[in-house]
Amino acid sequence: MVHIWVNIAVLLIAFAGMEFMAWFTHKYVMHGVLWQLHSDHHVPKHKGFFQRNDLFFLIFAIPGIICLMIGLPDFNPVFWSGLGITFYGFAYFLVHDIFIHQRFHFLRNTDNAYFRAIRKAHKMHHKHLGKTNGECFGMLWVPWKFFKEGKNGTK
């Protein structure tokens, strides 16, 4: 059996790696060949709770589910990698859908420099309504300029 610290390290590396994967996929796939699925997130085209963009939730969940299933029999590092991917998905849901876009009405009044920076960076991403000329494609990593603004209390 693998030592628990190795498993925790694998989980954390998978979680951190997902930030890069989210950035890469958002910039080059969602704002690229799959723009048709993502475009309604920038310019809502219909009324209702769900968007076509929500299909990415399922797309991103598949690797985590597969890793969990493969690693489950003996809780090997593949399982812990899947758990890291799944935890990132949950963090994405909390930060992006609940905190930033307020799809559910809680976490509205969370106010600290880091969370202000996340909101500012995401606002800058959404100022671009089209497929090109975007910025701030990640979720948890915030460019320093927005963190400095958040630290100073500007939204």
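Taking the Cβ-Cβ separation of Trp144 and Ala16 as r and a Förster radius of 22 Å, what is the calculated FRET efficiency to the nearest 0.05?
About 0.75, to the nearest 0.05.
By how many degrees, 0 to 90 and rounded to 10, does the Cα axis of helix 77-92 deviate from the longest principal axis of the chain?
Here the helix axis deviates by roughly 20 degrees.
Any lysines with Cα under 29 Å of the Lys148 Cα? List them, leaving off those in the same chain fewer than 8 positions away.
Qualifying lysines at Cα under 29 Å: Lys27, Lys120, Lys123, Lys127, Lys131.
Using the number of other C-beta atoms within 10 angstrom as an exposure proxy, rank Val29, Val10 with the fewest first.
Lowest count first: Val29, Val10.
Using a simple spin-label model with points 7 Å from Cα along the Cα→Cβ vector, what separation in nm is obtained for His3 and Phe49?
Here the answer is 4.7 nm between the modelled labels.
Please arrange Phe104, Phe15 by counting, for each residue, the other beta carbons lying within 10 Å of its beta carbon, fewest first.
Phe104, Phe15
In whole angstrom, and with the biggest value first, how far do the Cα coordinates of the chain range along each principal axis?
Dimensions of the chain along the principal axes of its Cα atoms: 49, 37, 29 Å.
Values in this text are rule-based calculations from the coordinates and carry no lab data. Keep in mind that what you see is a predicted model, and the values were worked out from it rather than measured. Methodologically, a virtual Cβ is constructed for each residue, glycine included, from the backbone with ideal geometry; neighbour enumeration extends over all protein chains shown.
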